Amino acid sequence: MVNDLWISLTVATFAVYRLSRMVALEEGPFDIFLNLRGFLYNRFEQQWVRRGITCPLCISFYVGLLAAVILYFIHHLEWYAILWLWLALSGSASFLYKMEQS
């Protein structure tokens, strides 16, 4: 059971990293991410939203929450594990992105 959690956590980390990077920086198939960023950029006038949709670190924060909730239900964890998983997934995805930049 513990080994399954570690494998899931590792896979989820790479998934959060990849999805965050795709949404923030890439065009995607059929320009889906480019269109999504354009829609959000035109829809919201706040600067923090406009900067956030092009920042993989910002997007990993929200994608990490989604992944943490999924892991919570898959592995039947305690409710407070969502917080730790959320921060761990977002932080490790941010670490991977920073390693890519250096």
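Give, rounded to the nearest 20 debye, the magnitude of the charge dipole that the chain has about its Cα centre when Lys and Arg contribute +1 at Cβ and Asp and Glu contribute -1 at Cβ.
The dipole magnitude comes to about 260 debye.
State, as an integer percentage, the relative contact order of the chain based on alpha-carbon contacts under 8 Å between residues 6 or more apart.
Relative contact order here is 32 percent.
In this rough spin-label picture, where each label sits 7 Å from Cα along the Cβ direction, the Ala81-Trp48 distance is 3.1 nm.
Taking a point 7 angstrom from the Cα of Cys55 along the C-beta vector, which residues in segment 68-102 have backbone N less than 20 Å away? It comes to 86-102, nothing else.
For segment 6-102, the set of chymotrypsin sites (Phe, Trp or Tyr not before Pro) satisfying both a DSSP loop assignment and a count of at most 13 other C-beta atoms within 10 Å is given as Phe44, Trp79, Tyr80.
Within segment 27-99, the GluC sites (Glu not before Pro) that combine a DSSP coil assignment with at most 11 other C-beta atoms in a 10 angstrom radius are Glu45, Glu78. Largest GNM mean-square fluctuation among Ile70, Ile82, Ile59, using the chain with Cα springs under 10 Å: Ile70. Phi angles across segment 30-38 convert, under the Karplus curve 6.51 cos²θ - 1.76 cosθ + 1.60 with θ = phi - 60°, into 3J(HN,Hα) values of 6, 6, 5, 6, 5, 5, 5, 4, x Hz, Gly and Pro given as x.
Bear in mind that the values in this text are calculations on the coordinates, not laboratory data. Given the structure is predicted, the values throughout are model-derived calculations rather than measurements. Using ideal geometry, Cβ is built from the backbone for each residue, glycine included, and neighbour counts are taken over all protein chains shown.
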